[in-house]
Amino acid sequence: MNSELHDRHKAVLPDWIALYYERPIELTHGEGRHVWDADGNRYLDFFGGILTTMTAHALPEVTKAVSEQAARILHSSTLYLDRPMVELAERVAELSGIPDPRVFFTTSGTEANDTALLLATTYRRSNQILAMRNSYHGRSFSTVGITGNRSWSPTSLSPLQTLYVHGGVRGRGPYAGLSDAEFIKACTADLEDVLGQACGQVAALIAEPVQGVGGFTSPPDGLFAAFREVLDRHGILWISDEVQTGWGRTGDNFWGWQAHDASGPPDVLTFAKGIGNGMSIGGVVARAEVMNCLGANSISTFGGSPITMAAGLANLTHLLEHDLQGNARRVGGLLMDRLRTAAAGLDVVREVRGRGLMIGIELVEPGSDRPSPDAASAVLEAAREGGLLLGKGGGHNSSVLRIAPPLSLTAAEAEEGAEILATALRTAQAMADGSAEAADEAGRSTL
Ligand code: PMP
């Protein structure tokens, strides 16, 4: 049944729609932090949070808000007043920290970043954009043009001129091994250097506070404050892409930019994914002066549609009332401890890192610093067998396991998931040791 659907999927969908797992999963329903597949298997979901389920699967308040709104009216257009849109915009504006904020809703993170680029390039009359190496910002014509990590985004002939700077990835690259202060200094010097090579005005720097697709890598706190000083000198806007880091996921902060808070809020903030708990919402917050630089009238047919706004309002209310940011900090801390213990002594694990409920485990070939996508895949498959869903990402080779559960994860579920992961990591270690031995054997036999 599953393989039949897989064959039909391959026959009709593009080759570049990647599926997880050797035997891809068809999800049929979810509840809380669990999902079920078409064969009746139940999984603890450690990745749904980054996909779209921010709070919990089938959150009753969201289900109620969506069905009540569907029964009232589904008609969608920015040409009419829309009460849920105004209400959600008011709440997001206040939470954003941006002064004199204006909010524009979209249907995805890609479209949100696209809009941010439209604003920045228009406001600054420049098509030059600074972006981070190893970054991901979406898959439209323009966002592909500013994405540093090409493994999840093809190259494009975008007319944007993109200049890439260092800073998003800490443990690898030319500045690996430096102290926080030295790293910030080196990356800021790199930014100055790149700017020195720009031709005329630069519109904006776009950056993820913690790189998501790039493998949950965080720069040291304060990097963007140091960048900000340079940007301000040149009048360059700072766009913080909070598509993965927003809404308290990082535990200590509601937004990722707040880890750099000497810099104050960004000029433009983009969000998406979990705010709708599965409904397609994205959006942009910017100072009125920047948001209103567009000269023509516009319309978005589905951006801010009443049904997505109703879902977003119910979801955000639940998140705030249940202090899920605090939960991300507490349960994320516990999970991080358990995972570090599980990884201790396994040389297939290079690093367990992250913030709150955004945790990455980087896999390498044993005894080396070489990324091991095979080991990451082995853990992914073994965890699935144990009843746990994970994500993958990182660099060009997906050697990092990404853990981003719904923010309501309980301590007991964190313990349960960590145990399944500990077994999966040991399996991957044994496989890697086995293949190293096999490679050794093969090497000896050709001597
Ligand atoms: N920005 C970041 C940081 C993302 O992680 C993603 C999605 N992975 C996007 C933008 C694009 O969002 P969407 O898939 O909703 O278009």
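If you check A375, A436, which single one turns out to be in the same structural domain as G333 (by the TED database), modelled with pLDDT of 95 or more and either farther than 26 Å from F254 by Cα or in a helix (DSSP H, G or I) (or both)?
A375
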S151 passes all but one of (1) at pLDDT 95 or above; (2) surrounded by fewer than 21 Cβ atoms within 10 Å (Cβ to Cβ); (3) among the polar types (S, T, N, Q); which number fails? (1)
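Residue-wise test of (1) charged (D, E, K, R); (2) out of contact with any Ser or Thr (no Cβ under 8 Å at 6 or more places or on another chain); (3) surrounded by 18 or more Cβ atoms within 10 Å (Cβ to Cβ); (4) touching a residue at least 40 places away in the same chain (Cβ under 8 Å).
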residue: T155; (1), (2), (3), (4): no, yes, no, no
residue: V165; (1), (2), (3), (4): no, yes, yes, yes
residue: D180; (1), (2), (3), (4): yes, yes, no, yes
residue: I184; (1), (2), (3), (4): no, yes, yes, yes
residue: C187; (1), (2), (3), (4): no, yes, yes, yes
residue: P209; (1), (2), (3), (4): no, no, yes, yes
residue: G212; (1), (2), (3), (4): no, no, yes, yes
residue: F216; (1), (2), (3), (4): no, yes, yes, yes
Residues in region 238-275 that are over 16 Å from T217 (Cα atoms) and within 10 Å of the ligand (Cβ to nearest atom): how many? 4
Those residues of region 73-92 which are modelled with pLDDT of 95 or more and either outside the structural domain of V210 (by the TED database) or small (G, A, S) (or both), in sequence order: A89
Do we have any residue at all in region 214-234 that's modelled with pLDDT of 95 or more, within 16 Å of the ligand (Cβ to nearest atom) and of a type in the set (V, I, T)? no
Go through (1) among the hydroxyl-bearing types (S, T, Y); (2) over 18 Å from the mean Cα position of the chain (by Cα); (3) within 16 Å of the ligand (Cβ to nearest atom) for T317 and report which single condition fails. (3)
Inside region 93-118, the number of residues satisfying the requirement of being part of a helix (DSSP H, G or I) and within 16 Å of the ligand (Cβ to nearest atom) is 10
For region 130-141: of the residues being within 9 Å of the ligand (Cβ to nearest atom) and of a type outside the set (K, R), which is farthest from the chain's Cα centre (by Cα)? S140
Just to be sure before I move on: is N127 crowded, with 24+ Cβ neighbours inside 10 Å and either at negative phi or within 12 Å of the ligand (Cβ to nearest atom) (or both) in the structure I sent? no
Could you tell me which of the residues A225, A286, A259 is buried (at least 24 other Cβ atoms within 10 Å of the Cβ), among the aliphatic types (A, V, I, L, M) and touching a residue at least 12 places away in the same chain (Cβ under 8 Å)? A286
Selected residue [under 25 Å from G32 (Cβ atoms), at pLDDT 95 or above and touching a helix residue (DSSP H, G or I) at 6+ places or on another chain (Cβ under 6 Å)] from L346, L334, L320, L324: L334
Only one of (1) within 13 Å of the ligand (Cβ to nearest atom); (2) surrounded by 22 or more Cβ atoms within 10 Å (Cβ to Cβ) is not met by V144, so which one is it? (2)
Taking region 189-238 and keeping residues of a type in the set (A, V, I, L, M, F, W, C) and touching a Leu at 6+ places or on another chain (Cβ under 7 Å) leaves V194, A198, V202, A203, A204, L205, F227, V230, L231, I236, W238
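With within 19 Å of the chain's Cα centre (by Cα) and either modelled with pLDDT under 95 or exposed (fewer than 15 other Cβ atoms within 10 Å of the Cβ) (or both) as the only criterion, which of G109, G40, G48 stands out?
G48 is the lone residue from the list that is within 19 Å of the chain's Cα centre (by Cα) and either modelled with pLDDT under 95 or exposed (fewer than 15 other Cβ atoms within 10 Å of the Cβ) (or both).
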Check on T52, of a type outside the set (A, V, I, L, M, F, W, C), within 16 Å of the ligand (Cβ to nearest atom) and assigned by the TED database to the domain that holds R287: no
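The values are calculated or read from the model by the stated rules, or taken from the named source; none is laboratory data. Just so you know, these numbers come straight off a predicted model, no measurement behind them. Here Cβ is always computed from backbone atoms with ideal geometry, including for glycine, and neighbour counts include all displayed protein chains.
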